[in-house]
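Encoded as structure tokens, the structure appears first; notes follow it.
The values are calculated or read from the model by the stated rules, or taken from the named source; none is laboratory data. Worth saying up front: this structure is predicted, and the values here are computed from it rather than measured. Cβ coordinates were reconstructed from backbone atoms using ideal geometry, including for glycine residues, and neighbour counts include every protein chain displayed. The protein model used for the area step is the full one, side chains on, heavy atoms only, and it has no ligands, DNA or RNA in it. Shrake-Rupley method; radii C 1.70, N 1.55, O 1.52, S 1.80 Å.
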Amino acid sequence: MLVAFSVAPSGAPSAGDSLHDAVAAAVKVVRESGLPNQTDSMFTTIEGEWDEVFDVIKRATEAAGRYGTRVSLVLKADIRSGRTGEMTAKVERLEAALDRQNDPQAPTGGSD
């Protein structure tokens, strides 16, 4: 499964703390998990089995929560049994589809 998530603490943070510090604490947990992950400007995406992914998200949320009195957590999941490597494979399939649209003679690909 793939889960894209973002965390943002609110409430009374410690003096000198910033949202960047809270996000960095959450991303550190994800990166140390050993699961495939990618962070962009809006979300961190993590790939693995249900229990391991949500354990990491819980710990990342707790890490961000140390920077405020409450935490906003946004999740988007792609639950697809028996698939791995989808973090990159989905993008590769998209790029292949774009190539086919630009070149009708290009070979067709599989399903997403």
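Here are a few things to note about the model shown:
- Evaluation of Leu35 against (1) part of a loop (DSSP other than H, G, I, E, B); (2) more than 17 Å from Glu86 (Cβ to Cβ) (one fails), failing number: (2)
- Of all residue pairs spaced 6 or more apart or on separate chains, those with beta-carbon atoms under 7 Å, a first member in the stretch 77-89 that is outside any loop (DSSP other than H, G, I, E, B) and a second member that is open to solvent by 80 Å² or more (accessible area, probe 1.4 Å) and at pLDDT 90 or above are Met87/Gln38.
- Restricting attention to the stretch 38-52, the residues that are open to solvent by 70 Å² or more (accessible area, probe 1.4 Å) and either among the polar types (S, T, N, Q) or part of a helix (DSSP H, G or I) (or both) add up to 5.
- When the residues of the stretch 68-94 are filtered to those that are among the hydroxyl-bearing types (Ser, Thr, Tyr) and within 14 Å of Ala22 (Cα to Cα), the one that is least open to solvent (accessible area, probe 1.4 Å) is Ser72.
- Residue in the stretch 53-67 that is surrounded by fewer than 13 Cβ atoms within 10 Å (Cβ to Cβ), out of contact with any strand residue (DSSP E or B) (no Cβ under 9 Å at 6 or more places or on another chain) and at pLDDT below 95 present: no
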